[in-house]
Amino acid sequence: MKVNTILFILCLVLCSCSSQKSTETFAYFGTYTKGSSEGIYFSKFDTETGEISSPELAVKIDNPSFIAIHPNKQYLFSVIEASGDKAAVVSFKIESDGTLTKINHQPAKGDYPCHLSVDATGKVLLVANYNGATCRSYPIYSDGQIGMGTTYKHTGSSVNKKRQNAPHLHSINVDPANKRAFVADLGIDKVVIYNLDANKAKLKSHGAIILPAGGGPRHFSFHPSGKFAYANLELTREIVAMSYNQKSGMLKKLQILSTLPEDAEAAGSTAECLVHPSGKFVYVSNRGHNSIAAFKIDQSSGELTRVDVEPTLGEIPRGFGIDPSGKFIVAGHQKTDKVTVFKINQKDGSLEFTGNEVEANGVVNVRFLEK
């Protein structure tokens, strides 16, 4: 009787283990399709070792330079970075094998849409258009379709006549409380703030923070606590730390630091800016210098200490992603046809090349899906 009981328990345990699905992580790559790239690609990624598989084509599409994944992990959204009627946002269904099937698209109503994001409820898609001085909000329906959008227009200019003769919206992100959207506008040296009504998929102007003239704010990332936020200044190769008053909805400048070593030539520009999921570190990519700068975040003040500037081993690291485990950074290269993987030191945030790399053409954005 005891033997039978033991066998019965073992059977239950084995059945339970076999019924549990193993976690699988995909790294999706947004690209420029001017070279051999044909659209959005994906690789399988091992969050324990940092090993990455050769990229496979997920879907053919022109210039999907920036992508975002829905919170329910069933849909992926992409820009088509183009001008005129070709400029658009596109919705895809994520198939079980990682490939993508188009659902629908909507016009961007601006030229060269370069960044998009999905709010925490999964009801709103937000896009920033580099030319045309506009951002847009779109409803997302339960079947993944994108609805008709609403346009919001910026005005102004700044001191760099070559790059800042008009608004150039470069990113749009939502705060952790899902109450407001933040648009980094390179052309007018401001992060413009909007109140977000997720149920109506609408934005309402709330104010702005003015950043140093000629800096060119590009990307923007919140600390998970919602108390601090960080933006990279593309034109001056700097990062700005800001405090965030969650009640008033306003940002306040705390600190500005260079993203380059002291002995580096002051050339190139910054691209991506991402806070680590732990909130301990923030990273900025340097194009031209071809590196990623790592900063440690003071959890009380939000201020930064630069701890590392690590070469990415490729040219023009426009986009990178932090994997869901928080152990690795995967860096794409716009000019060099490869993707490289770096291990994150969990104590100080510094980076170390893992030796893992794969060939990929024109990668300018990296985002992860843990299934």
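The values are calculated or read from the model by the stated rules, or taken from the named source; none is laboratory data. As the structure is a computational prediction, the values presented were derived from the model and not from experiment. Here the Cβ is made from the backbone with ideal geometry for all residues, glycine too, and neighbour counts use every protein chain on show.
For the reader, a short list of remarks on this structure follows.
- Residue count, the stretch 343-369 (criterion: within 20 Å of residue 41 (Cα to Cα) and not in a loop (DSSP other than H, G, I, E, B)): 11
- Residue list for the stretch 45-55, filter: surrounded by fewer than 20 Cβ atoms within 10 Å (Cβ to Cβ) and in contact with a strand residue (DSSP E or B) (Cβ under 6 Å, 6 or more places away or on another chain): 47, 51, 53, 54
- The residue that is surrounded by the fewest Cβ atoms within 10 Å (Cβ to Cβ), among those in the stretch 237-275 that are modelled with pLDDT of 95 or more and acidic (Asp, Glu), is 238.
- Selection status of residue 278, surrounded by fewer than 16 Cβ atoms within 10 Å (Cβ to Cβ) and either in contact (Cβ under 8 Å) with a residue 24 or more places away in the chain or among the aliphatic types (A, V, I, L, M) (or both): yes
- Residue match in the stretch 114-121 (condition: of a type in the set (S, T, N, Q), surrounded by fewer than 24 Cβ atoms within 10 Å (Cβ to Cβ) and in a loop (DSSP other than H, G, I, E, B)): yes
- Entry remark, the stretch 164-186: residues being in a loop (DSSP other than H, G, I, E, B) and either touching a Phe, Trp or Tyr at 6+ places or on another chain (Cβ under 9 Å) or crowded, with 24+ Cβ neighbours inside 10 Å (or both) number 5 in total.
- Looking across the stretch 228-274 at every residue that is among the basic types (Lys, Arg) and in a loop (DSSP other than H, G, I, E, B), the one that is nearest to residue 216 (Cα to Cα) is identified as 237.
- Test result for residue 172, under 21 Å from residue 135 (Cβ atoms), over 18 Å from the mean Cα position of the chain (by Cα), at pLDDT 95 or above and of a type in the set (Val, Ile, Thr): no
- Qualifying position, being part of a strand (DSSP E or B), on the phi > 0 side of the Ramachandran plot, in contact with a strand residue (DSSP E or B) (Cβ under 7 Å, 6 or more places away or on another chain) and of a type outside the set (Asp, Glu), among 279, 207: 207
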